[in-house]
Every structure is written in C-alpha cells, then in structure tokens.
Amino acid sequence: MKRVLAILAFLGVLGVGQYFVVSKFAIRHETVTLFDATRQRPISVDVAVRRDYETKANLGLWKLPLAIISNGNTVKATEYSFLANVLAARGYLVASIQQDLPSDPPLMTHVGEQYVGRRQVYMRCEANILFVLGELKKRQEHVEYDHITLVGHSNGGDVSMYVAHQHPELVSKVITLDNLRVPFVVNDHLKILSFRSKDPHFVTDPGVLPTPEEAKARGIDIVHTGAQHTEMSDRGPDAVKEKIQATLDRFLRDSASNALAPADTSSPMIMNPADY
C-alpha cells in the first residue's frame, strides 16, 4: 500500500505544469516489429508512452487513451516524434505504424477514380491498423481500445480518415496533416483537427474539405498553417513543429474532458496563415 501511495505522490508532482519536462525526459520510446502471418507482412511500430501513466495503467489505476499515427508516403513512422511526444505527454499510448514497405508498389495517382485509385492502399493500411490493435490488446489490457484517436500525415491522413469512415464505432478523434484525397467524416460524435499546408505542389482534391459553414456547424477545426506539405514531420523547421504542437495540445486538452460528447461549435479553431 505504501508503494502505491508513493507512486501516486510522484505522479502528482509530475502532473503539475511539467508538459515540456515530461515530453523531453519522461516518455519511453520502443520500436516493436510485429508479423502478420495471415498476410505474411512485417509491421514495424514505434511505441511512445509517458512512464508515469504507464505505471498507473500497469497498477490498474488508469486506462491509457490510444493514438495511432500513420506515416506519409516516403516518410518513416519514426519521423513523427514531435506529434507522438505531445500525445504521450497528455497520457496517450502512441503507436506509430510504418504503413509501407520497400517491397510495396509505388503510390500511384489515377485521376478520375475514387481516391485517385488508392483505395487498395487504404485497405492495406486499415488491415495494418486492425492487426496492430489486436497485438496491443495482448500486451497492454489497460487501454481504451474502443475510442481511439487516428493521426496521419498526407497519405497517412487519408488512411486515418478512411478508417474513421469504415469504423465510426471505433474512432473518437481524427487528426490529419494535409490529407488530400479522402473526404472528411461528418459525424457529431467525432472530433476532427486538420492542419493544412500552403503548397502549390500538393493540392487538396475537390470535396475533401468541409466548407467553412460545415466546419463551424460540426465543430471541425481547420488550421491553415502556411507551411509546406513536406514540413509536417520531424524534418520540418522547429517553428512549424512548435506551432502544430501547441495547437494539438490545446485540442487534446479541450476534448479530454468529454471525448464522446457532441462537438462544441461555439469557437472552432479555423485559422488563416497570418494568424498562425
């Protein structure tokens, strides 16, 4: 009993205004290689979790919310630590999945087809996510597996939005960084935050983004960053990453108290590049 009380006291000290300290020193990262025997496919997952919240979960005192990060094309799953650290600092178990392999066919665009012909890619990544969920359940039981957060950059953002379309009962939040192909989910019980670039080389397909009126009505947060599409990973400049981190942290804070409630539409975070 004394050991439990001592741990709780330690957790209380860490929990008071220690966001940046926690993100830098108290987050455990581990790369796990899984193997889906059904599809004969290896899947690499970078796991990030705040040590004190992991301890609480292992003691049965806390359930970790779960975030799944899907990488953009040609970007490694390990190159989203600036997002993973914010999520982990907020108490999430974060699983960054390497969605593509060198042996996979190159990502192609077929104009005129649904999702420019990428549905098979999204289905493959959906299978990766579902497999990883099953494996995580075997390793850590104290996790909120029924209300997960999906995060993704570029093609990974489209994967996240596609999976939210396919499994609305499973997903509570979607966070994308410049997804271009899959239309936003319209669901009063789903919180959406999307960071948009200002990049003439990466143009969002018609019908993907909600109108400003739809975004306000549904409480969808659209943040126009003014950044380049390729800057939305660890490769980007610190100024871009820090602003994304601050907005993401605010979004997680504001949605943490009642994740399943209808979206608050009173003050959506629709920003222009000049404001950002």
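In region 68-105, what residues are touching a Leu at 6+ places or on another chain (Cβ under 8 Å), assigned to a helix (DSSP H, G or I) and within 24 Å of L34 (Cβ to Cβ)?
Within region 68-105, L83, L87 qualify.
What is the one condition in (1) surrounded by 15 or more Cβ atoms within 10 Å (Cβ to Cβ); (2) closer than 18 Å to E79 by Cα; (3) touching a strand residue (DSSP E or B) at 6+ places or on another chain (Cβ under 9 Å) that L101 does not satisfy?
(1)
Just to be sure I understand the filter: pairs with C-beta atoms under 8 Å, separated by 6 or more residues or on different chains, first member in region 106-129 and outside any helix (DSSP H, G or I), second member among the basic types (K, R). Which pairs pass?
L107/R118; M108/R118; T109/R118; R118/R181
So for region 35-57 (the condition being in contact with a His (Cβ under 6 Å, 6 or more places away or on another chain) and surrounded by 17 or more Cβ atoms within 10 Å (Cβ to Cβ)), does at least one residue qualify?
For region 35-57, residues in contact with a His (Cβ under 6 Å, 6 or more places away or on another chain) and surrounded by 17 or more Cβ atoms within 10 Å (Cβ to Cβ): present.
Kindly indicate whether any position in region 104-118 is modelled with pLDDT of 95 or more, under 17 Å from the mean Cα position of the chain (by Cα) and under 22 Å from H229 (Cβ atoms).
Looking through region 104-118, none of the residues is modelled with pLDDT of 95 or more, under 17 Å from the mean Cα position of the chain (by Cα) and under 22 Å from H229 (Cβ atoms).
Can you say whether I129 is closer than 20 Å to V171 by Cβ, in contact with a Phe, Trp or Tyr (Cβ under 8 Å, 6 or more places away or on another chain) and of a type in the set (A, V, I, L, M), as far as the supplied structure shows?
Judged against the criteria, I129 is not a match.
Would it be correct to say that D188 is touching a helix residue (DSSP H, G or I) at 6+ places or on another chain (Cβ under 8 Å), more than 17 Å from V223 (Cβ to Cβ), surrounded by fewer than 17 Cβ atoms within 10 Å (Cβ to Cβ) and not hydrophobic (A, V, I, L, M, F, W, C)?
It is true that D188 is touching a helix residue (DSSP H, G or I) at 6+ places or on another chain (Cβ under 8 Å), more than 17 Å from V223 (Cβ to Cβ), surrounded by fewer than 17 Cβ atoms within 10 Å (Cβ to Cβ) and not hydrophobic (A, V, I, L, M, F, W, C).
Spot the failing condition for V182; the list is (1) aliphatic (A, V, I, L, M); (2) surrounded by 24 or more Cβ atoms within 10 Å (Cβ to Cβ); (3) within 15 Å of the chain's Cα centre (by Cα), and only one is missed.
With (1) aliphatic (A, V, I, L, M); (2) surrounded by 24 or more Cβ atoms within 10 Å (Cβ to Cβ); (3) within 15 Å of the chain's Cα centre (by Cα) applied to V182, the lone miss is (3).
Out of V159, V151, which single residue is β-branched (V, I, T), touching a residue at least 60 places away in the same chain (Cβ under 8 Å) and in a strand (DSSP E or B)?
Only one candidate passes the filter, namely V151.
Kindly evaluate R90 against the criterion of being of a type in the set (K, R), under 14 Å from the mean Cα position of the chain (by Cα) and crowded, with 19+ Cβ neighbours inside 10 Å.
The answer is yes for R90.
What tally of residues in region 162-179 results from selecting those that are part of a strand (DSSP E or B), buried (at least 24 other Cβ atoms within 10 Å of the Cβ) and touching a residue at least 40 places away in the same chain (Cβ under 8 Å)?
2
Within region 40-61, work out how many residues are aliphatic (A, V, I, L, M) and part of a helix (DSSP H, G or I).
So the answer is 1.
Would you tally the residues in region 219-253 being within 26 Å of G91 (Cβ to Cβ), assigned to a helix (DSSP H, G or I) and without any contact (Cβ under 8 Å) to a residue 60 or more places away in the chain?
7
The values are calculated or read from the model by the stated rules, or taken from the named source; none is laboratory data. On a predicted model such as this, the values are computed, not experimentally measured, just so you know. Counting neighbours? That spans all protein chains shown, and the Cβs are built from the backbone with ideal geometry, glycine included.
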